[in-house]
Amino acid sequence: MTAKQLTEITGFKVLTGDGSMTVDSVYCCDLLSIVMGKLPSDSVWVTVMGNRNSIAVAVLAECGCIVLAEGRSLDGDAREKADEENISVLSTDLPVFEAAKLADQVLSGSFSNN
């Protein structure tokens, strides 16, 4: 599945990127030093960290997309870097756990909007 397809199903708002990256798992963490070493490639990374360093970590880890939870957004510098690196950054008002759970349900095929 692509980040764009995930967005279409979940209703997450697109902040940056074209959504072309593949996503196949979900990862949650806000401590960048841990994320840098543990974020699986092609993951949906759910976090509240919308700064330039988050974008750099996403690039290094070959992250599929970032989902900013809790209504968070990117600061201007981070948005510029995400556009430059074509990192898809999505946003939702959902709490981190709920955003991750929704993304996981979609990726695992168990999501039903009934």
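Helix 96-108 versus the longest principal axis of the chain: what angle, 0 to 90°, nearest 10, using Cα atoms? Helix 96-108 sits at roughly 60 degrees to that axis.
With a 10 Å cut-off between alpha carbons and a GNM built on the chain, which of Ala61, Ala69, Ala99 moves the most? Maximum fluctuation in the GNM of the chain, among the listed residues, is at Ala61. Find how many whole Å separate the alpha carbon centroid of segment 1-35 from the alpha carbon centroid of segment 89-114. Spelled out, the Cα-based centre of one part sits 10 Å from the other. Calculated [222 nm] ellipticity per residue, helices only, for the chain: -12000 deg cm²/dmol; basis is -39500 (n - 2.57) per DSSP H run with n ≥ 4, divided by all residues, nearest 500.
Once C-alpha pairs closer than 8 Å and six or more residues apart are averaged by separation and normalised to the residue number of the chain, the relative contact order reads 31 percent. Across segment 78-94, coupling constants 3J(HN,Hα) worked out from phi with the 6.51/-1.76/1.60 Karplus curve, θ = phi - 60°, read 5, 4, 4, 5, 5, 5, 4, 8, 6, 8, 6, 10, 10, 9, 8, 7, 4 Hz, and Gly and Pro carry x. Distances between placed amide hydrogens fall under 5 Å for Gly17 paired with Val89, all partners being 5 or more residues away or on another chain.
Since every read-out is calculated from the coordinates, none of them should be taken as a lab result. Please read these numbers as outputs of a predicted model, since none were measured by experiment.
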